[in-house]
Amino acid sequence: LRQIKADADDFGLMSYDPAYMNTAECKSTITYIDGDKGILEYRGYPIEQLAEHSSYLEVAYLLIYGDLPNKERLDWWRNRISRHTFIHNNLVELIQAFRYDAHPMGILISCVSAMSTLFPEAKDVDDPAVREKQIWRIIGQVPTIAAYAYRNRIGRPFNQPDNSLSYTANLLYMMDYMNQRDYQVNPVLAKALDVLFILHADHEQNCSTATMRGVGSSRVDPYSSLSAATAALYGPLHGGANEAVLRMLQQIGNVKNVPDFIDRVKKGEGRLMGFGHRVYKNYDPRAKIIRKVAYEVFEATASNPLLEIAVELERIALQDEYFIARKLYPNVDFYSGLIYQALGFPIEYFPFLFAIPRAAGWLTQWLEMLDDPEQKIMRPRQVYLGAARRDYVPLEQR
Ligand code: ACO
């Protein structure tokens, strides 16, 4: 790589690190992961303690402001978010313009992008007050976009946000997937969704977060960066994995087909979705918590036959040399899809349910990047392997 020279004085040494497997792109004080030991901490707090004692909105505050709030600050924060849950009428019309079967992630990407035109002041990313207001708006409005997209899909009237409810209870209420009159949200289910939101709130420099930072490094408004991050999350190897897990379980169809399926995976005919992680080479700590939540949810709802298939897949894979040798363990998405399904969400909404809580992480990482004096516009280099210089050949001579 010594041939690469940035300028005449450059001695030409660069690292070639495809997919940035071994490159730290930033210094960060937000989320700590030890992939070998299976540790995940937000601002120093273990994920297990936050999942047990905290709420999603409190965790979002912790990420963004760096410390847990006292009661007064938490009330203030909740109030800020609940004051921004209603969406602009242009967004309502935009959602209605989509086909009924449009993938919700496509709708989310478009709506968040459109928000940059509705709040043009957001482009002033150097003003801390402007930044803060966009954060309230994004965290407040993203659940409403999710619910309206769903109601549009099923051709039902939109339910306006009910700000007396918790963040997740309000989402369930607005979706009202049972189409019940006077729908009362089951607090067990709202709490389960809240725990899932805590687990998904941040995960340091994953594909979508790196996108948020990379696009944001051009100092574009946060809506445009967040729209790009959402697009990154849409992919089946990232936020689309929970959707892929459920489709895989449906395809397996029965516990007795599990050994055959595992054999096919080992022959390279597809992957065991919800298994493996770039960083966790031990158990994903979020998967442990989520497994417990799955059983709690199934006690409150009808049991799901796919859970049996998932448990059997996990049992066999954890004893199989192929998975052991490659350090492939269940990740956060292995059980989350089953829970989302039990809560009544259609499969296409699963990545959306990842994006809603991850907005807090993306925004926190974006703030950190903006305030880091060592950060510049992201601009990696490449190793050029194409043709050597050659002359243009006119069309008639080719
Ligand atoms: N099933 C079967 N084999 C697998 C799996 C899997 N889920 N994941 C990795 N492998 C195998 C690969 O085939 C490869 O085997 P080889 O060495 O014989 O070629 C080896 O394990 C290493 O795989 P890589 O692709 O190099 O691992 P990487 O770190 O790049 O990939 C990833 C991580 C993308 C998560 C991968 O494990 C995967 O595709 N998992 C399934 C999708 C998934 O669940 N994604 C969610 C990730 S978590 C999140 O985004 C919240």
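Restrict the check to segment 350-357 and report whether at least one residue is more than 15 Å from the ligand (Cβ to nearest atom), of a type in the set (Phe, Trp, Tyr) and closer than 30 Å to Asn152 by Cα.
Checked against the condition, which is being more than 15 Å from the ligand (Cβ to nearest atom), of a type in the set (Phe, Trp, Tyr) and closer than 30 Å to Asn152 by Cα, segment 350-357 yields no hits at all.
Of the residues Gly270, Gly274, only one is within 12 Å of the ligand (Cβ to nearest atom) and closer than 28 Å to Ile39 by Cα; which?
From the options Gly270, Gly274, the qualifying one is Gly274.
Tell me which of these Ala300 doesn't satisfy, since it passes every other one: (1) more than 12 Å from the ligand (Cβ to nearest atom); (2) under 19 Å from the mean Cα position of the chain (by Cα); (3) hydrophobic (A, V, I, L, M, F, W, C).
Looking at each condition in turn, Ala300 falls short on (2).
For segment 5-28, which positions are more than 16 Å from the ligand (Cβ to nearest atom), surrounded by 10 or more Cβ atoms within 10 Å (Cβ to Cβ) and either at pLDDT 90 or above or assigned to a helix (DSSP H, G or I) (or both)?
Glu25, Cys26, Ser28 - these are the residues of segment 5-28 that are more than 16 Å from the ligand (Cβ to nearest atom), surrounded by 10 or more Cβ atoms within 10 Å (Cβ to Cβ) and either at pLDDT 90 or above or assigned to a helix (DSSP H, G or I) (or both).
Can you confirm whether Asp182 is at pLDDT 95 or above, of a type in the set (D, E, K, R) and more than 21 Å from Pro357 (Cβ to Cβ)?
It is false that Asp182 is at pLDDT 95 or above, of a type in the set (D, E, K, R) and more than 21 Å from Pro357 (Cβ to Cβ).
What's the number of the only condition in (1) under 25 Å from Ile95 (Cβ atoms); (2) in a helix (DSSP H, G or I) that Val130 fails to meet?
(1)
Kindly list, by first and then second residue, each pair from a residue in segment 258-269 that is part of a helix (DSSP H, G or I) to a residue that is β-branched (Val, Ile, Thr), limited to pairs with Cβ atoms under 8 Å and residues at least 6 apart or on different chains.
Here the result reads Val258/Ile252; Val258/Ile309; Val258/Ile316; Pro259/Ile316; Phe261/Ile252; Ile262/Ile316, each pair linking segment 258-269 to a residue that is β-branched (Val, Ile, Thr).
Any chance segment 43-57 includes a residue that's at pLDDT 95 or above, assigned to a helix (DSSP H, G or I), within 19 Å of Asp194 (Cβ to Cβ) and of a type in the set (Phe, Trp, Tyr)?
Scanning segment 43-57 turns up at least one residue that is at pLDDT 95 or above, assigned to a helix (DSSP H, G or I), within 19 Å of Asp194 (Cβ to Cβ) and of a type in the set (Phe, Trp, Tyr).
What's the total number of residues in segment 29-43 that are within 13 Å of the ligand (Cβ to nearest atom), surrounded by fewer than 16 Cβ atoms within 10 Å (Cβ to Cβ) and of a type in the set (A, V, I, L, M, F, W, C)?
0
Based on what the data block shows, is Ile324 more than 13 Å from the ligand (Cβ to nearest atom), among the β-branched types (Val, Ile, Thr) and either farther than 16 Å from Asp176 by Cα or modelled with pLDDT of 90 or more (or both)?
Spelling it out, it is not the case that Ile324 is more than 13 Å from the ligand (Cβ to nearest atom), among the β-branched types (Val, Ile, Thr) and either farther than 16 Å from Asp176 by Cα or modelled with pLDDT of 90 or more (or both).
Rundown of residues vs (1) within 14 Å of Trp366 (Cα to Cα); (2) away from the ligand (no atom under 16 Å from the Cβ); (3) among the aliphatic types (A, V, I, L, M), yes/no style:
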| site | (1), (2), (3) |
| --- | --- |
| Pro187 | no, yes, no |
| Ala190 | no, yes, yes |
| Asp194 | no, yes, no |
| Ile198 | no, no, yes |
| Glu204 | yes, no, no |
| Val220 | yes, yes, yes |
| Ala228 | yes, yes, yes |
| Ala231 | no, no, yes |
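In segment 308-327, what count of residues is obtained for those that are β-branched (Val, Ile, Thr) and more than 26 Å from the chain's Cα centre (by Cα)?
2
Every residue in segment 185-200 that is surrounded by fewer than 23 Cβ atoms within 10 Å (Cβ to Cβ) and outside any helix (DSSP H, G or I), please.
Once the filter is applied, which keeps residues that are surrounded by fewer than 23 Cβ atoms within 10 Å (Cβ to Cβ) and outside any helix (DSSP H, G or I), segment 185-200 yields Val185, Asn186.
Of all residues in segment 96-113, count the ones that are more than 21 Å from the chain's Cα centre (by Cα) and not acidic (Asp, Glu).
5
Quickly run through segment 240-257 and pick out the residues that are without any contact (Cβ under 8 Å) to a residue 60 or more places away in the chain, more than 10 Å from the ligand (Cβ to nearest atom) and either in a helix (DSSP H, G or I) or in contact with a Phe, Trp or Tyr (Cβ under 7 Å, 6 or more places away or on another chain) (or both).
Gln250, Gln251, Val255, Lys256, Asn257, listed by residue number.
Looking at segment 30-87, which of its residues are among the hydroxyl-bearing types (Ser, Thr, Tyr) and under 30 Å from Tyr329 (Cβ atoms)?
Of everything in segment 30-87, those that are among the hydroxyl-bearing types (Ser, Thr, Tyr) and under 30 Å from Tyr329 (Cβ atoms) turn out to be Thr31, Tyr32, Tyr42, Tyr45, Ser54, Ser55, Tyr56.
With respect to Leu363, is the statement that it is under 15 Å from the mean Cα position of the chain (by Cα), within 13 Å of the ligand (Cβ to nearest atom) and either assigned to a helix (DSSP H, G or I) or among the hydroxyl-bearing types (Ser, Thr, Tyr) (or both) true?
No: the conditions fail for Leu363.
The values are calculated or read from the model by the stated rules, or taken from the named source; none is laboratory data. Remember, it's a predicted structure, so these values are computed and weren't measured experimentally. Here Cβ is always computed from backbone atoms with ideal geometry, including for glycine, and neighbour counts include all displayed protein chains.
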